[in-house]
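Novice: Just dropping this structure here.
Just so it is clear, none of the values below were taken in a lab; they were calculated from the coordinates. As the structure is a computational prediction, the values presented were derived from the model and not from experiment. Here the Cβ positions follow ideal geometry from the backbone for every residue, glycine too, while neighbour counts run over all protein chains shown.
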Amino acid sequence: MSQLFDPLPLPKRIFNAALSAIAFSLAALALVPLFAMLWSIFTKGMPHLTGDVFTQLPAPAGMKDIVNGFANAVIGTLLMVAIGSGISLPLGILTAIFLSEFGKKTAFAEVMRFLISILSAAPSIVVGVFAYGVIVLPLKGFSAFAGGFALSIIMLPIVSLATEEALKLVPNSQRLASAALGAGLARTTSRVVLARAFPSILTTALLAIARAAGETAPLIFTALFSQNWLESVMGPSASLSVLIFNYANSPFIEQNNLAWAAAVILVGMVLFTNLLSRFVIRKRLQAW
Amino acid sequence: MSMSLSPQQSSVRSTSLEESLTPVLRVRDLSCFYGRTKALEAVSMEIYEGKVTAIIGPSGCGKSTFLKTLNRIGEMESNLRIQGKIELFGKDIYDRKVNLNLVRRLVGMIFQQPNPFAMSIFDNVVYGVRAFSRPRESELNRIVETSLKSAALWDEVKDNLDGSGLDLSGGQQQRLCIARALAVSPKVLLMDEPCSALDPIATMKIESLIRELQKKLTIVIVTHNMQQAARVSDYTAFFSADENRIGQLVEFDQTAQMFMEASQQNTRDYVAGRFG
């Protein structure tokens, strides 16, 4: 069978090489925006990233040569993401458990699934206005809590839809094995299905957190912004994303610089969370 | 409908034997439906206590469907619906008020593919026990040891009870599933082609295990392998599908009788390997 080793005809080889080259360069092109963004953020932000940014408050506009930072914004972002997670993770995961293990293909579950996917498509600015209407107006004040609530609405559909997918990936043979031993649906769900889907649910949670950390629009109407330390969960709060929004188009160069530094931190946090979720799922899968 | 397959013609003999047989499960006029498609028609038979009953038949004859009605697991897997009656110790298991978890505890099941949980060997074995009681640690240890011994797995895993059940070989996984099922002390064990995913040596181990387990419980085994049915069973039920693909029980008798001189031509052809 000497034909096995015959080279392909020249036109075919040229065609192959050309297609490979096109595919490769298009893939590289798709990565250009990502690296361009990271590059510009890091080159412009890193020079202004000092230890002070984590410990000091933002300096008053126009003041030069005094310590400048956004410690309050870091705290605000962490706190509001924590509040958002505290509301959306339990709700979203329970919703997913209902849809995947109990509701399944019933009409009620199907309607719910549809509504959640609509919610996931809701523009974040609308979510912000909604939180303003139901939390800020009745309580007569902007607050970190309202910001966290708005973020939870952003996170909820992400968590519940992705968790449902994670639960569906658990092989049905595991549910049957559990039922055949006389275990009820509740036990099967908690001990077998959730245990098996745990790494993917964790990944889902981390991705939702990463998404919420970068949200700006829901916070503008709810947590507003603050130049000072956070006094109470029910008071307005600074956040990295709103700080970037406010300071990026400020006329003061110090504030522009601070916005770049904040961008480095925010991108770093999001990147770290994403990497963590990758790492977590790898680790868990190896353990199996 | 071919004449030899019609229920009226089928020979389901009531065996007259010197030993008295106690039926554990009594199936009366059972028909099964997937949605609106009929899969099994008018099956009546009894599963005798302490016996191994093999269910044989060509693919698509409804033997697996039949098995899965006996512990009501089939309805969990798909839209399976039944007509007729199945009694466990004289009680209708399809009664609306029946305790499903208890039915499934009394009638355990081994699946075609070994399906241990992603837990330690120890936790796999006690999973079912913990579902309905909170025994002390010493009691759990005892259950794990006796179950694994009964499943002929103890010697291979006794030093590694904390190891994952998924790290075992296929045959060991299947024996782990058997140990797990035995841990809840079932009265009946249903086995759905338990060796079809295993190599010949692992199959041999499971077969000798079946003979051993028979001393303590009743076994129903679905198998594709006629030699296996001949080797391990006391009674054999032959199922076959008619031209409308509706499964039926063609013949039910003592295994020796079925393989030596079955009353139906259809059964004789099947056990001789002429079709299926």
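Novice: Scan A:Leu94, A:Leu119 and give me the residue that is surrounded by 12 or more Cβ atoms within 10 Å (Cβ to Cβ) and under 23 Å from A:Thr188 (Cα atoms). If you could, list the steps in order and put the result at the bottom.
Specialist: Numbers: A:Leu119 fails: under 23 Å from A:Thr188 (Cα atoms).
Only one candidate passes the filter, namely A:Leu94.
Novice: Further question on the same structure: What residue, among those in region B:242-276 that are closer than 16 Å to B:Thr223 by Cα and among the small types (Gly, Ala, Ser), is surrounded by the fewest Cβ atoms within 10 Å (Cβ to Cβ)?
Specialist: Only one residue tops the list, namely B:Gly273.
Novice: All but one of (1) over 21 Å from the mean Cα position of the chain (by Cα); (2) over 27 Å from A:Gln255 (Cβ atoms) hold for A:Met63; which doesn't?
Specialist: (2)
Novice: Where residues in region B:112-129 are out of contact with any Leu (no Cβ under 7 Å at 6 or more places or on another chain) and facing chain A (nearest Cβ under 8 Å), which of them is surrounded by the fewest Cβ atoms within 10 Å (Cβ to Cβ)?
Specialist: That would be B:Gln113.
Novice: Among helices (runs of 4 or more DSSP H) lying entirely in region A:97-196, which contain 3 or more residues that are in contact with a Ser or Thr (Cβ under 6 Å, 6 or more places away or on another chain) and among the aliphatic types (A, V, I, L, M)? Talk me through it step by step, then tell me what you get.
Specialist: Working: elements: A:107-120, A:124-131, A:144-168, A:172-180.
Because the criterion is at least 3 residues that are in contact with a Ser or Thr (Cβ under 6 Å, 6 or more places away or on another chain) and among the aliphatic types (A, V, I, L, M), the helices (runs of 4 or more DSSP H) in region A:97-196 that meet it are A:144-168.
Novice: Sticking with this structure for a sec: For region B:32-48, enumerate the residues that are more than 15 Å from B:Asp253 (Cα to Cα) and either without any contact (Cβ under 8 Å) to a residue 12 or more places away in the chain or in contact with a Pro (Cβ under 8 Å, 6 or more places away or on another chain) (or both). Can you show your working first?
Specialist: Just the residues of region B:32-48 that are more than 15 Å from B:Asp253 (Cα to Cα), to begin with: B:32-42.
Of everything in region B:32-48, those that are more than 15 Å from B:Asp253 (Cα to Cα) and either without any contact (Cβ under 8 Å) to a residue 12 or more places away in the chain or in contact with a Pro (Cβ under 8 Å, 6 or more places away or on another chain) (or both) turn out to be B:Arg36, B:Thr37, B:Glu41, B:Ala42.
Novice: Of the residues that sit in region B:78-109 and are of a type in the set (Gly, Ala, Ser) and within 13 Å of chain A (Cβ to nearest Cβ), which one is surrounded by the fewest Cβ atoms within 10 Å (Cβ to Cβ)?
Specialist: Start the filter on region B:78-109 by keeping residues that are of a type in the set (Gly, Ala, Ser), which leaves B:78, B:84, B:90, B:108.
Now narrow it down to the ones that are within 13 Å of chain A (Cβ to nearest Cβ): B:78, B:108.
Details: B:Ser78: 11, B:Gly108: 27.
Within region B:78-109, the match that is surrounded by the fewest Cβ atoms within 10 Å (Cβ to Cβ) is B:Ser78.
Novice: Looking only at residues in region B:149-166 that are aliphatic (A, V, I, L, M) and part of a helix (DSSP H, G or I), which one is farthest from the other protein chains (Cβ to nearest Cβ)? So that I can check it myself, show each step before the final result.
Specialist: We begin by selecting, within region B:149-166, every residue aliphatic (A, V, I, L, M); these are B:151-153, B:157, B:161, B:166.
Those left that are additionally part of a helix (DSSP H, G or I): B:157, B:166.
Details: B:Val157: 18, B:Leu166: 6 Å.
Of everything passing the filter in region B:149-166, B:Val157 is farthest from the other protein chains (Cβ to nearest Cβ).
Novice: Further question: Starting from residues that are among the small types (Gly, Ala, Ser) and assigned to a loop (DSSP other than H, G, I, E, B), keep the ones in region A:224-254 and report whichever is surrounded by the most Cβ atoms within 10 Å (Cβ to Cβ).
Specialist: Restricting to residues being among the small types (Gly, Ala, Ser) and assigned to a loop (DSSP other than H, G, I, E, B), the top hit is A:Ser239.
Novice: Looking only at region A:233-260, how many residues end up being touching a residue at least 12 places away in the same chain (Cβ under 8 Å) and either among the polar types (S, T, N, Q) or at positive phi (or both)?
Specialist: Going through region A:233-260 one residue at a time, the tally reaches 7.
Novice: If you don't mind, another one. Which of the residues belonging to region B:185-198 are surrounded by 24 or more Cβ atoms within 10 Å (Cβ to Cβ), of a type in the set (A, V, I, L, M, F, W, C) and either touching a residue at least 60 places away in the same chain (Cβ under 8 Å) or in contact with a Lys or Arg (Cβ under 7 Å, 6 or more places away or on another chain) (or both)?
Specialist: B:Leu189, B:Leu190, B:Met191
Novice: Which ones in region A:1-41 are surrounded by 10 or more Cβ atoms within 10 Å (Cβ to Cβ) and not in a helix (DSSP H, G or I)?
Specialist: A:Leu8
Novice: Which number in (1) within 25 Å of A:Arg196 (Cα to Cα); (2) within 14 Å of chain A (Cβ to nearest Cβ) marks the one condition that B:Ser169 misses?
Specialist: (2)
Novice: Of all residues in region A:166-191, which are more than 7 Å from chain B (Cβ to nearest Cβ), surrounded by 21 or more Cβ atoms within 10 Å (Cβ to Cβ) and free of Cβ contacts under 8 Å to residues at least 12 places away in the same chain?
Specialist: Within region A:166-191, none qualify.
Novice: State yes or no: is B:Thr65 of a type in the set (Ser, Thr, Tyr), within 20 Å of B:Glu193 (Cβ to Cβ) and touching a helix residue (DSSP H, G or I) at 6+ places or on another chain (Cβ under 7 Å)?
Specialist: Numbers: of a type in the set (Ser, Thr, Tyr): yes; within 20 Å of B:Glu193 (Cβ to Cβ): yes; touching a helix residue (DSSP H, G or I) at 6+ places or on another chain (Cβ under 7 Å): yes.
Considered against the rule, which asks whether it is of a type in the set (Ser, Thr, Tyr), within 20 Å of B:Glu193 (Cβ to Cβ) and touching a helix residue (DSSP H, G or I) at 6+ places or on another chain (Cβ under 7 Å), B:Thr65 comes out as yes.
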